[in-house]
Structures are given as C-alpha cells and as structure tokens.
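This report refers to the structure that appears directly beneath it.
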Amino acid sequence: MSSLSSFKGTLYVVSTPIGNMDDITLRAINILKQVNLIVAEDTRYTLKLLNHHHIKNRLFSCYEHNEVKRSSELADMMNEGKDIALVTNAGTPTISDPGFKVVQRSLSANIPVVPVPGVSAAITALSVSGLPTDSFVFIGFLPRKTGKRHTLLESLIYEPRTLIFYESPRRLVNTLQEFLQIFGDREAVLAREMTKLHEEFIRGSISGIIDQVQSVGEIKGECTILIKGHAPDKDISPEILHEQIRQELSTSGAKDAAVAKDIAKRCGLSKKAVYDEIIKIKSTST
C-alpha cells in the first residue's frame, strides 16, 4: 500500500458500522486489509468486525486513558513509513470517541491524515427523525456534573436548530426529564439499537417518550436523542402569557417553580423561560 508521502506513513481515519457489520464501505475493508497496523478503541470489538469480513491484521489498542502516550508512539511508527488505520468501536473515530489526540499529533508531525467516511449515529438518526435536517447542532454526551450540564442545556434553550445528543441507557430517563424541565415539552426522537435487530425509533413529545421508556423498563444500547429547535410561540403573545402567570399565581397558591412547570407544559414553552417571566412580574409588582 502506498502512502501519500514517499517518506512517511499515512493515518487513515476509518468509519466502521454502528451495529450491522455489513454497513461498511469497500474502501474501508481494503484499507483495513492493507495497512501495517489497525489502531482500535477496544480490540475485542474490532476483532469481531475483522473476522466477519475475513480481515487479518495486527491490532493495537488506543483508548481514552492511554491516547496521549499512544499518539506519540503511533506518530513515530508513521514517521518510519508505516500506514495506520484508526477505528473506534462503532461509527466515526473522534466523534464522541477516542482518536482526536492521534489525529492532532499526526498533523503536528506533518503526517498525512486521510478520512475514510462511513456511518455516524448522529447522521443516521437525523436522516429518519422527521425533524428539520437542513441545520443542526451536535452536542454528543453531556457533562456528568449537574451544574455544567444545566449551564450547557440552558444555553441551548433558544437554539433554533435541531439538537442531537448521545446518552447511555442508564442515564436516559434522568436526561429526558432534564430536557423536559429546561426545553419544555418539545417534539423529539429517541433512536436506539440503530441498524441492529431490535432497532427502535420513538417519536413524539419529550413527556410522551419518557412515558414509553418508563413503561418498557430496562433499556439497552447507546441512545441518540434529537430535540426540535426552539421556535417562537406564535399562539401566545407576551401579554397573554403574563396574564396566565398572574392568574395562576393569584389562584393556585403553588410555588413559583410549580407554576412555571404547569404553564410551560401547557403552552409548549421551557420551564426556565416561564420562571424568568414570573420573577420579572413579581419584581415589577413590588
């Protein structure tokens, strides 16, 4: 296999299937056969793929906790003329997966980096979501810390483009509940086990998706969540919203947060936006 450089090897960033092992390009298969080394996030996952396509090659692990060290070692190999294929467990390397540091180190060493495109969970889910596809924002996995997570989500409240997130099944319900609280009860799609036997797409409101997920019980497989972007509510003027807030504050006796939650769900607004209006109304009336 000839490198793009006659002196250095080439780093090939190779996309692999997200589920169905046949979702791989002919070019990717040929490159995986011909490179000197395949660098994998988890060699066990990649070995299954290689066996399925009758590929025999040397595997080398590179994951989150050893990526910095591996990046330097791989750059040395490519400087000696070796061609390397970088893969992840599923989908496209560096997209919410290891590989960024390898690419960055290779580029800094003037090593050719060549994409071998293929499957991505975000684009796969978006293509069949039924949500606007002309413009979108890919967030990936949210921060683990509550404060950072809420700060990020609140910064997206008025984002008009479709929002795409990744989430693990064990945190799915909590994350959906946070979306409901912060974004309001928007149109959304939950995609899981894509391209696999038990592929599933749940479409509807965020609250409806929560109900379906909770009724199922245990959820398996990585999840992709798509949320419709913010659209100004054409049916509710600021005056009508303020009147609804004043009326509920005077009659319900509920706390501000409960009032905000109730009106937000009823009007299709975010809880935070309604709560902010409650605070403004109260501050001007004192």
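The values are calculated or read from the model by the stated rules, or taken from the named source; none is laboratory data. What you are looking at is a predicted structure, and each value in this text was computed from that prediction instead of being measured. We place every Cβ from the backbone using ideal geometry, glycine too, and count neighbours over all the protein chains shown.
Odds and ends about this structure:
- When residues of the stretch 175-206 are limited to those that are of a type in the set (S, T, N, Q) and at pLDDT 95 or above, the one nearest to the chain's Cα centre (by Cα): THR175
- You will find that of LEU241, LEU180, LEU197, the residue that is outside any loop (DSSP other than H, G, I, E, B) and either touching a helix residue (DSSP H, G or I) at 6+ places or on another chain (Cβ under 6 Å) or free of Cβ contacts under 8 Å to residues at least 12 places away in the same chain (or both) is LEU180 and no other.
- Residues of the stretch 126-169 classified as in contact (Cβ under 8 Å) with a residue 12 or more places away in the chain and in a helix (DSSP H, G or I), total: 7
- Any hit, the stretch 31-38, residues being touching a Pro at 6+ places or on another chain (Cβ under 9 Å), more than 23 Å from LEU197 (Cβ to Cβ) and exposed (fewer than 15 other Cβ atoms within 10 Å of the Cβ): no
- Unmet requirement for SER96, which otherwise passes all of (1) at pLDDT below 95; (2) assigned to a helix (DSSP H, G or I): (2)
- Any hit, the stretch 271-280, residues being surrounded by 13 or more Cβ atoms within 10 Å (Cβ to Cβ), in contact with a His (Cβ under 8 Å, 6 or more places away or on another chain) and modelled with pLDDT of 85 or more: yes
- LEU86 outside the structural domain of THR195 (by TED's automatic domain parsing), within 28 Å of GLU222 (Cα to Cα) and surrounded by 18 or more Cβ atoms within 10 Å (Cβ to Cβ): yes
- All positions within the stretch 257-281 that are touching a residue at least 24 places away in the same chain (Cβ under 8 Å) and more than 30 Å from SER135 (Cα to Cα): ILE278, ILE281
- Residues within the stretch 200-227 that are of a type in the set (A, V, I, L, M, F, W, C) and in contact (Cβ under 8 Å) with a residue 60 or more places away in the chain, tallied: 4
- Considered as a group, the residues in the stretch 43-79 that are at pLDDT below 95 and assigned to a loop (DSSP other than H, G, I, E, B) include one that is surrounded by the most Cβ atoms within 10 Å (Cβ to Cβ), and that residue is CYS62.
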